[in-house]
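*Asks:* Before we start, here is the structure in question, set down as structure tokens.
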Amino acid sequence: MFVFAAIMSLASAAAVEPAARACPPIRAMSYNIRLDIASDGPNRWSERRDQFIEQIRLLRPAILGLQEVVAVQKSDLGSALPGYSFLGVARDDGASAGEYSNLAVDRSVFTIRSSGTFWLSPTPDVPSKGWDAAFPRIATWAHLVRHSDGHRFLALNTHLDNAGKAARLEGAQEIVRWLSTHRLQGETVIVTGDLNSEPGSPPVETLTSPILGLRDSRAASMEPPLGPTGTFNGFQALPKESRRIDYILADPAIEVDRYAVLAMHGEDGRVASDHFPVVADLSACGP
């Protein structure tokens, strides 16, 4: 009942704008989709695709950071969600081979001024693997302008390495340097991602350091956080143990109205991914 109430509360907030607000909140979501892999058996993409897509339709995020997307999943999402632009390239070749860390942007909310992808490595402009990483890792970014008031945002989505301790820290440092260099005057920063790091770890501390002043939206939420603390579920609707490794980091100029980890599941306890989606409603007003 608690999870249902949380979902309906967030869904209602997406559908009804408070009349007194000079600018409505925008909804950000970070969601590790779990790549399409046959060995997942009953949890393979074809068995959970519709459930995943319906969650996106229900929550209607304006900015959606996805991780572990492969080409067939990107195609399915693009067909089912035509109002979104799915930005970014795949990590293996800078085109379509390997996983994407897509930023999906609702075109009814934003104009996309420019976007791109860089690699978390000493050679960020070319497909590459850095430090002790098990896989190539990337960050996808976009300069956005909100239609309603001209407010400008810089959104970035990433997936830090699962194995390399040095790669996670170096990758976080690279993201901070990139944002510091490429942030345009007046832009508000939003970072989404699977950081493969728990709160208080060096990568998270780096990304929330005073350099940019980004805040963990769970800690900054004006309303009590909804849902479980952990975000990794291992395809279990009610995992006994769950690490919090997925984040939405918000610019200090942003008010975090509400935050939730949505432990949604379908029939027979099926979940749509091996991670729960993280959702935050964020308010930032003025050009």
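The values are calculated or read from the model by the stated rules, or taken from the named source; none is laboratory data. Everything quoted here is computed from the prediction, not taken from an experiment. Ideal geometry is used to build each Cβ from the backbone, glycine not excepted, and the neighbour counts take in all protein chains shown.
*Asks:* Would you tally the residues in segment 1-49 being modelled with pLDDT under 95 and touching a helix residue (DSSP H, G or I) at 6+ places or on another chain (Cβ under 8 Å)?
*Replies:* Number of matching residues: 5.
*Asks:* Of the residues that make up segment 174-187, is at least one outside any loop (DSSP other than H, G, I, E, B), under 19 Å from GLY116 (Cβ atoms), touching a residue at least 24 places away in the same chain (Cβ under 8 Å) and among the small types (Gly, Ala, Ser)?
*Replies:* For segment 174-187, residues outside any loop (DSSP other than H, G, I, E, B), under 19 Å from GLY116 (Cβ atoms), touching a residue at least 24 places away in the same chain (Cβ under 8 Å) and among the small types (Gly, Ala, Ser): present.
*Asks:* Which of the numbered conditions does ASP246 fail, given that it passes all the others? Conditions: (1) touching a strand residue (DSSP E or B) at 6+ places or on another chain (Cβ under 6 Å); (2) at positive phi.
*Replies:* (2)
*Asks:* So, in segment 200-221, exactly how many residues are part of a loop (DSSP other than H, G, I, E, B) and either surrounded by 16 or more Cβ atoms within 10 Å (Cβ to Cβ) or among the charged types (D, E, K, R) (or both)?
*Replies:* Qualifying residue count for the region: 5.
*Asks:* Which of the residues spanning segment 149-173 are part of a strand (DSSP E or B) and of a type outside the set (A, V, I, L, M)?
*Replies:* Result: ARG152, PHE153, ASN157, THR158, HIS159.
*Asks:* Only one residue in ASP257, ASP246, ASP274 is touching a His at 6+ places or on another chain (Cβ under 8 Å), in contact (Cβ under 8 Å) with a residue 12 or more places away in the chain and among the acidic types (Asp, Glu), so which one is that?
*Replies:* That would be ASP246, the only listed residue that is touching a His at 6+ places or on another chain (Cβ under 8 Å), in contact (Cβ under 8 Å) with a residue 12 or more places away in the chain and among the acidic types (Asp, Glu).
*Asks:* Before we move on, is GLU54 touching a residue at least 60 places away in the same chain (Cβ under 8 Å), surrounded by fewer than 21 Cβ atoms within 10 Å (Cβ to Cβ) and farther than 30 Å from LYS165 by Cβ?
*Replies:* Spelling it out, it is not the case that GLU54 is touching a residue at least 60 places away in the same chain (Cβ under 8 Å), surrounded by fewer than 21 Cβ atoms within 10 Å (Cβ to Cβ) and farther than 30 Å from LYS165 by Cβ.
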